[in-house]
Structure formats: C-alpha cells, structure tokens
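Below is one structure, written out as structure tokens; the observations come after it.
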Amino acid sequence: MNVAEVYSSSIPFYAVFVSLIAVPLILLSSRFPNLREFWTIAASFLKFALVFTLLPDALHDRVAECRILEITPGIDLALKTDAFGVFFALIASGLWIFTSFYSIGYVRGLNEQKQTRYFASFAICLSATMGIAFSANLITFIVFYEILTVATYPLVIHKETPVAISAGRKYLLYTLSAGVLLIAAAGWTYSLIGTLDFQPGGMFGESAISGEAMKGLFLLFLGGVGVKASIMPIHSWLPTAMAAPTPVSALLHAVAVVKSGVFGVFRVVGFVFGPDVMAAHGLDIILLILSGITIIMASLLAFNEDNLKRRLAYSTVGHLSYIVMGAALLSANSFTGGILHIATHATMKITLFFCAGAIYVNVHKENISDLDGVGKAMPWTMGAFTVGAIGLAGIPPVDGFISKWYLGAGALESGEIIALMILVISGLLNAGYLFPIVHRAFFRSSKNFDGHGEAHPFMVVPLIVTAMASLLFGLAPNLFFQFYDLAVKISQSVIGGVH
Amino acid sequence: MIEQNLPVLIPVSFLFAALLIPLIGNWKQSSTYPLVFGAVGFAFFLSIYGLSRVLTDGAIHYQLGGWIPPIGIEYVLDPLSSFMVVVITGVALLVLVHSKSVVELELPEKLIPYYSIAMLFLAGLCGMVVTGDLFNLYVFLEISSLSGYALIAVGEKRSSVAAFRYLLLGTIGASFYLLGLGFLYIVTGSLNLADLAKILPHIYLEPTVIVGFVLMVGGVSIKMALFPLHGWLPDAYTLAPSASSALIAPIGTKVAAYVMIRIVLFVFEPNYFRDTLHVADIITWVSAAGILFGSIMAMAQDELKRMLAYSSVAQIGYIGLGLGMANPLALTGAVLHVLNHAFMKACLFLVAGNLRTKVGHSTISEFDDSLRKTMPWTMAAFSIAALSMIGIPPTAGFFSKWYLILGGIENSEWIFVAVILSSSLLNAVYFFRVLEKVYLRSKDTVDVHHAHNDHVKENQAVKRNEVGFSMLAPTIIFAIGIVLLGIFNAVLVNEVINLIIPAGI
C-alpha cells in the first residue's frame, strides 16, 4: 500500500475552532438577532470552506497534522486530517450550513426562548464534532467527545419543560457513563501499549495481549462509543432526546452526535483494534449480533410510534446500526458501504427531520395520525419527505440505495447471509413505517390544514436542497465531494493497513 | 542572599502580619488590608521565586539560628514543599481579596482579630510545609489548628459547637502525631526529617518504630479528614463564616495530606508502608470508601456549603488513593489533585460566599433561575468548577483523575479504577442537581414566602445583582485557572511534579 504523507498545517486547527470563536461573538450580539445569526452563518460557511480545502490532499494520501500542545506527558492534543476525518467533517460542516438557515426559520417561527444560548451551544457542538473527526489519538477524541456531550445538554433541555428536563437527565446519565467507560478503555490501552495514536489497521500491532483482556477492552470501548451510536440496549436516550427542538434533532440526533458515535465505532474497529485483531478474537461477532438485533428491533419499534419525531428517532437507531454492521462485517465492501451510509443517511434523515419541523412550526402537528392531507397544503415539504422515505427504504435512485448495495455486497463477501437477510428485511420494514406517512399526506384528506401553505422559505429551501442532495448523490456519488472515492480509500487503508 | 532565607521568610511574613495587624490596626483600622495583602502578596512572590530557584538549582536549606541540623531546626524548600507553598499562598491571596467584602458584611466588629488569626493560620500552614523538623512541624500544626478553630467559631451561633468538635478531634489527632514522633525520637534521638530518613531504614522492624509510624499516620489522618475520621469536617465547613470556609476548605486538609505524603514517602521509604506494614492497603481501601461515602452524602445535602464539605471528604479520598497506590502515575495524580482540588473547592466556596452575600442563603432547594440572571458570572464560574469536579476534559479535574486511573491500572487495582470512574458520575448527579435548579427551574414554581425573594417579586424583570469586582474577580480567576490548569497540566507534570516523585516508588 502507498504510504500516507504527513505535513503540518494549521488548517485543521482553524476548522475546529472557527465556530468556537463565533461563540463569544454570538453571546455578545444577543440583543441583535440578525447580527447574531450572521456570526453563525459566517462560521458555518467558513468552517465548510476550511474543511473543503483539505479534501484534495485527503484524496491523495496527504494528511495535514496539527499538534496543538502536549496535553499529558507523552500524549499530544493533536489533529490529523486523514480521509475518514475529512469525510465526516465535510458532512457535518456542510449540513450545518443548511441547519443554520433552517434553525433561524424554526426558532423565529416558534418564537423560541433563549435563542442566544441555542445558537451558541450549536456552535460549540460543531467545534466538538470537527474535533472528533480530526482527532489523531484517543485522548483528543475523548476531550472533544466529552465537550460534545456537555454542549448538547443545553439543546436537549432547550424547551425547559419537565419532559425536556427529564430527557436531559437521561441523556446525561447515558452519555456521561459512556464517557467514563471510554476513559477507562483509553487508560487501559495506554498502559498496555504506551500509545494512543489511531493507526489504520489497528494500533495493537504485534503486541501479545490475552483474549480475555481484548474482549474486556473491546466491551469498554463499545460501551463508550456505543451509547452515542445508540446500539441496543443502550439506545433509549435517543428517542427521549426528541424533546429537543427539531433542528437539534435534525443535525445532532441524525448527524453530528450520533454519527460521532458510529464514527467512533469505526475508529475503534478500524484504527484501534483493526480487522485482524477483531477477527482473531471474535470481536466482530459481538458487534454483528448487536447491530443485527438493533436493526430489526428498532424498525419494529418504529411502527409503534405515532409521534413523527420519535418514529424517525427509532429509524435513526436502526440506520446507525447499518453503519455498525458495516464495520462488523470486516470486508472492503462493507466498510465502504458503512462509511457511505454515514453520508447518505445524514442527507436523508436530516431531510425527514426538517420536514417534521416544518410541519410542526406551520401547523403544530406532531403525530402521524394528524397528518392526513398535509401533502396538499405543503407539497414541497412532503415531496422532500417522500424522497427521504424512498431512500431510507433503499430504493434507487436515492443515495440510500448505494450504501445499502455495498453493505449487501460486503455481507456476501464475508459470507454472512444472515446479515444480508437482515438488510433486506429491514428495507421492507423501513418502507412499512415510512410509506404510510406519505400515503396519509397525499392520499387522505382532513380539515387540519385548511388555510395553511408551506412553511417559511428559511425552512423549506434547506429541506428541498437536502432532498435534492440525496437524489444527486444517489445518481452520482462522486459528485463535488468524491464521497465514494473517499470511502473506498478509507476502507482500503483499514484493510491494507497504510503505515 | 535572599535565596538562602527564602524557606523561613515565607511563614515569618505571615507571623509578622499577625502581630502587626492588632498593633497598628487598633490605632488605625484602615491599615489592616494593606498589611494583609502585603504579607500574603509578599509570601506568594517569595513562593514563586522559591519554586523557580528550586527547580533550577535544587533544594534550599535554611538553618534556624545557625544551628547545624540535626541539632538545630532546618527549613527546607524542596520541589514538593515549594510547590505546596505556592498553592497555599496563591489560593490564600485570591481568597483574601474576595474575603474583604464578606468579612465586612458578616463580621463587621471582628475585622482585626479575624485577619490577625487568618494570618496565624497561614503562618501555621506554610510552616508545616517548609519545616524540616518533626517537632517544629507539630508546633506549626498546633498554630494552624488553634487559629483554625477560632476562624470557624466566629461564624453562626452553632459554629462554636462545630469548632469545639473540631477542637476535640483535632487535638486527638495532634496528640497522636506528637506521641508518634516521641516514639521515633526515643529510638533515633533525632527529629530532623532528612536525618531520620537515614537512620530509620536500619531499624524499620523495631516495634517502637512501627508504633510511632502508625500513631503519626493515624493522627495526620484525622487532620486530613480521611474517611472515616472526617466527622469534624462537614459541620465545621458549613457553619464557619463564608470567608473562613473559603480559606480553610481548599488548603487546610491539603496541608495535612502533604504531611502524610512527607512522612510516608520521604521520612520512611515507600516500600515500608506498602510492603512491610501493608498500611498502604488500608489507606487505599478507606480512601475508596471515603470517595463513595462523600459523594453519596453530598447528593443528600440541601445546603450548598455542606454539599461541598462532603464533596471534600470524597476528594481527600482521591489524594489518599493516589498516595496509597504508591506508583509514580498515581502519586502524580494525587499531587496534581492537591492543586486542582484547591482551585475547584476555592472557586465553589467563593460562589457560596457570593450567594450568601447577595441572596442571603445557599440553600439548594431554594435556588431558581433568577440566579442566572442576577449573578450570571458567579454561576458561570460555578458551572466550570462543577464540570471540573465531574471530570469533563479539558478542565483540571479530568487530568488528576486520568493519572489516578492510569496508576490504578498499572497496579491492576480494578476496583479503585471503578471507584474513581463511578465517583465522576456521582459528582455529576449532585452538581447537575444544582445546575438544573439554577438554569432551568423557573421561579414561579418556588415558594416565594421567603424574605429574600421579596425583592424579586417586586420587579418582574430581574435586575443584575452581581457581587462587586473584588469578589467577582477572584471567583472568575479561579474558574479560568481551572481550565488553564487542565490544558497546561503537562507542563506542570513535566516541570514540577516529576521532580517531586521520590526515588524508590
């Protein structure tokens, strides 16, 4: 394999901290909403532009590295923009732009309280997400992972209702416990091998570690990253966290936070343990079983939910485990599929959440049973919803098909027929719980929506754009951002072990 | 020239201030503050200077009265003691700046005696740290203890009871310590720490030495409030005036912890308490129990200061745990936690003081979200300190725990690793309980019969009611310090703490 060329650069540093710099500006301009929102928009464009400049290098195995400072003796707080990091950072920062516009429409449409805190927390969350994407080692990863946990809390409890507060408690209980497990795992790893740098193909190398220790360590890691990846049985914070405002659910609970979790799972599988160690100790089987159960169970539970956002949340739980399953199958195609699904699920699910929020702001309906005929009042919104629903069921030409195709191919490559069957069944279940909503929207009628039109353009335009993006990436996965090439490059580096 | 005198100048500057304040203050009360800040500022400057000299040139020895040790008394600034005096004087400087308004409010009549005693207290603490003589250490221990009792007893009505209880237990502790050093003196004929360290290894298994060692460790444990000998602490910290608890809580027990480290690791050899006597096991187990006990008790408290006091019991457990595990990583964690916890607890007690000054109470169940509007900066500082107590990176609290965890893993003591980690979650419970009230509980849901809420009722739009600059600045500096200590902890560990770790550990 070709060797990654490392050069030092401060671009990753700026990419991480640009939104953190925006935080004091947002706080200071709390009395001038337009100026305040300008900072958010400016930071989001700048962040995306900075990440985008890293893309060509990532495609040519050139890795920008930024050592910020020595955080504990022997371990640096360091950022490294390998292909995987750039991939995740592109998605999160790109979708932040749309979410920012959408948020403005949403919070102003609902006349929400404490908008300054809202936008400030959002900016911190994005800094933390970039930090997670670019972490060069486990300590850096943990630092940003914990910051993300804390910065998300004010967004979860934003409405300050008793429901939101208890959701916040549950969220903290789950995520702080996970953080503790991750710290224990990192400490143990450090004492075993004396390094915490992520390494494509695994950081353990030739070190002789007993099977029991490996299993214990893997379970600690899995507990650490599994909560945010909402693998069953540690998923239940996610549906509860739907008490948050919809843009938060859209970006954080469909993209940034939960994807940080699955990103972490991939880092652990591909860059901490590595496929060889995973297979040698049977760790892939643990992950495969857990993700398979989660996919089926979450899809079934989604049927039960009449609340639109909660149904989408269970759908998210299921789709996150697609990605986890991609990691667990340990084959080149499954890695590619899993990594691609990080991007494709992001575009589709953010569209669906945007739609749910637009409906809520416009007509104050949250339950699916109240949505009869909403498609006539809000044709663009529900049209976008339909695109997302088709994609999640894995039907071409929406981009969900692409990632699922590679996941299926990966399952065959690994000889796991059961995994393939789970994917197929889950596709049907997805259609089963999403298409009835489309059916209600367009083919039934009620008086709920008389006199209502589309929501504010600030909300409708972003959701149409993300729906279009889902379609475009389905037709041409390499368009603009070379997502497909990146995903292939990442999976090759993990399988082949670029050193 | 001044370098050679540094060790003695630090406690002496406090002693002088303690004498001058009543002398000049009775004649001219306004001179009190210049004297206080002059003394503590001077001592802080000397400590910093001393630390920098010690780091470059090695330990500084001062022979009191020119008598050569082991006959005479020796004062020593080595990396550990110079680190400790910097912590003590630095924290004291900020706390005393803060205390000006609090003392004027809470103890208007007792200004001069209060500051005089506070100076004596600091003289005692610094003396305990710099002295190289076991009996001289006892003298300073008594100075700091007696003045500590007085500082506590000037508080509310019930505080004299708390102070009396502390006096009884503290005297027992000090007596044990005195008895222990007597035993050692009988067999060795020396009181000098360095001298003892040379003599003792030859007679480790003498019953007298063993008994002396155990008596000293037991006595210091009481002063350190190591679980289950912490009984005096919660009442003392809660009922003392805010200024006193902010001064005593961050550094008082830490100095006792320093004495413990000094005796166990420097006067005796580390493997004596670890392998020969197995005292280390006892210390680690009671510390672990103390961590859980303190954290759980803290969850049950309704008074902020009492909650912080129980949290201190838990945090002392971290230091005990790091000491007992006795490997370089764990000890790094323990020493770092002395500093980190001093900053966190100082910040939190200053917040409690700010609340008492402006709101009139610090009862958690009566907190509501008017606080975040009236005192936004105080509450921001509280949030940072709370996150650090929970151990969220990159605040300081995370890193002391990180080293302790690494130390625990190195010894394969998984139970202690689990205790440290689970205590993070317990901390999260009792701090978020407060944060939730301060930031999320709307004041309509709170009972508004209390007098202190009356002014809130009058005008619906809550006005900013933040404490004055002299109180706010120290609070904020501690909060910023917590973050900086976390981010730059590697510098501290590499440059200072690595030099502290004794050989043979």
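Nothing in this text is a laboratory measurement; each read-out follows from the coordinates by a stated rule. Every value quoted in this text rests on a predicted model; they were computed, and no experiment measured them. Every residue, glycine as well, gets a Cβ built from its backbone with ideal geometry; the counts of neighbours run over all protein chains shown.
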> Quick one: of the DSSP bridges fully inside segment A:5-488, what percent are antiparallel, nearest 5?
Replying inline: 70
> Counting Lys and Arg as +1 and Asp and Glu as -1, each charge on the Cβ, what is the dipole of chain B about the Cα centre in debye, to the nearest 20?
Replying inline: 940
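When the chain is fully extended, how far beyond the present Cα-Cα distance does A:A49 get from A:L412, taking 0.36 nm per residue of separation? Numbers along the way, then the final one.
Values: separation 363, 0.36 × 363 = 130.68 nm, distance 3.85 nm.
The span from A:A49 to A:L412 would gain 126.8 nm if fully extended.
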> Semi-axes of the equivalent ellipsoid of segment B:284-392: what are they in whole Å, largest first, if each equals the square root of 5 times a C-alpha gyration tensor eigenvalue?
Replying inline: 29, 15, 9
>> If R₀ is 30 angstrom, what is the calculated FRET efficiency for the pair A:R108 and A:N307, using the beta carbon separation as r and rounding to 0.05?
In response: 0.80
>> Using a 10 Å cut-off around each Cβ of peptide A:147-157, what is the average number of partner chain Cβ atoms that fall inside?
In response: 2
>> Test of understanding: ordering B:C126, A:C125, A:C355 by Cβ neighbours within 10 Å, fewest first, what list do you get?
In response: A:C125, B:C126, A:C355
> In which sequence would B:W414, A:W96, A:W188, B:W285 go, from the one with the fewest C-beta neighbours within 10 Å to the one with the most?
Replying inline: B:W414, B:W285, A:W188, A:W96
>> Give me, ordered by chain and number, the residues 5 or more places off A:N307 or on other chains with an amide H under 5 Å from its own placed amide H.
In response: A:I368
> On the first, second and third principal axes, largest extent first, how far apart are the outermost C-alpha atoms of segment A:5-488 in Å?
Replying inline: 69, 54, 43
> Taking the simple approach of a point 7 Å from Cα along Cα-to-Cβ for both B:W414 and B:N271, what is their distance in nm?
Replying inline: 2.8
> Listed here are the pairs B:K100/B:K358; B:K373/B:K437; A:K215/A:K489; which of them are more than 19 Å apart at the Cα?
Replying inline: A:K215/A:K489
> Taking Cα centroids, how far is segment B:41-63 from segment B:483-499 in Å?
Replying inline: 18
> Taking 0.36 nm per residue of separation and subtracting the Cα-Cα distance, what length does fully extending B:L179 through B:R464 add?
Replying inline: 97.0 nm
> In peptide A:183-196, how many Cβ atoms from other protein chains are near each Cβ within 10 Å, on average?
Replying inline: 4
> In percent, what relative contact order does chain B have, based on Cα pairs under 8 Å that are 6 or more apart in sequence?
Replying inline: 14
>> Given contacts defined as C-alpha pairs under 8 Å and at least six residues apart, what's the relative contact order of chain A, whole-number percent?
In response: 16
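Sorting check: for B:261-273, A:110-122, which peptide has the highest mean count of neighbouring beta carbons within 10 Å, and how do the rest follow?
On the way: B:261-273: 21.4, A:110-122: 18.3.
Ranked by mean Cβ neighbours within 10 Å, highest first: B:261-273, A:110-122.
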> Classify the protein assembly as shown: rounded, prolate or oblate, from the alpha-carbon gyration tensor (a ≥ b ≥ c, eigenvalue square roots; a/c under 1.5 rounded; otherwise prolate if a/b is larger than b/c)?
Replying inline: prolate
>> Based on alpha-carbon centroids, what's the gap between segment A:425-499 and segment A:14-28 in Å, whole number please?
In response: 30
>> Counting only other chains, and only Cβ atoms inside 10 Å, what mean value do you get across the residues of A:44-52?
In response: 0
> What FRET efficiency, computed as 1/(1 + (r/R0)^6) with R0 = 60 Å and r the Cβ-Cβ distance, is obtained for A:S30 and B:V139, rounded to the nearest 0.05?
Replying inline: 0.60
> Got a sec? How would A:M468, A:M214, B:M307 order by Cβ neighbour count within 10 Å, fewest to most?
Replying inline: A:M468, A:M214, B:M307
> Counting alpha carbon pairs within less than 8 Å and at least 6 residues apart, what relative contact order, in whole percent, applies to segment A:165-274?
Replying inline: 40
> To the nearest 10 degrees, how steeply does helix B:32-57 sit against the main Cα axis of chain B, on a 0 to 90 scale?
Replying inline: 50
>> At a 10 angstrom cut-off on C-beta neighbours, averaged per residue, how do the peptides B:21-33, A:54-66, A:80-92 rank from highest to lowest?
In response: A:80-92, A:54-66, B:21-33
> Could you give the nm distance between label points at B:E156 and A:A280, where each point is 7 Å from its Cα heading toward the beta carbon?
Replying inline: 6.3
> What residue among B:A396, B:A381, B:A418 has its Cα farthest toward the positive end of the dipole of segment B:294-440, where the charges are +1 on Lys, Arg and -1 on Asp, Glu, each on the Cβ?
Replying inline: B:A381
> How large is the helix-only mean residue ellipticity at 222 nm for chain A, computed as the sum of -39500 (n - 2.57) over DSSP H runs with n ≥ 4, divided by its residue count, in deg cm²/dmol to the nearest 500?
Replying inline: -23500 deg cm²/dmol
> Going by alpha carbons, how many degrees (0 to 90, nearest 10) lie between the helix axis of A:483-496 and the longest principal axis of chain A?
Replying inline: 30
> By how many degrees, 0 to 90 and rounded to 10, does the Cα axis of helix B:376-390 deviate from the longest principal axis of chain B?
Replying inline: 40
>> As an exercise, use a Förster radius of 22 Å and the Cβ-Cβ distance of B:I68 and B:A197 to find the FRET efficiency, rounded to the nearest 0.05.
In response: 0.80
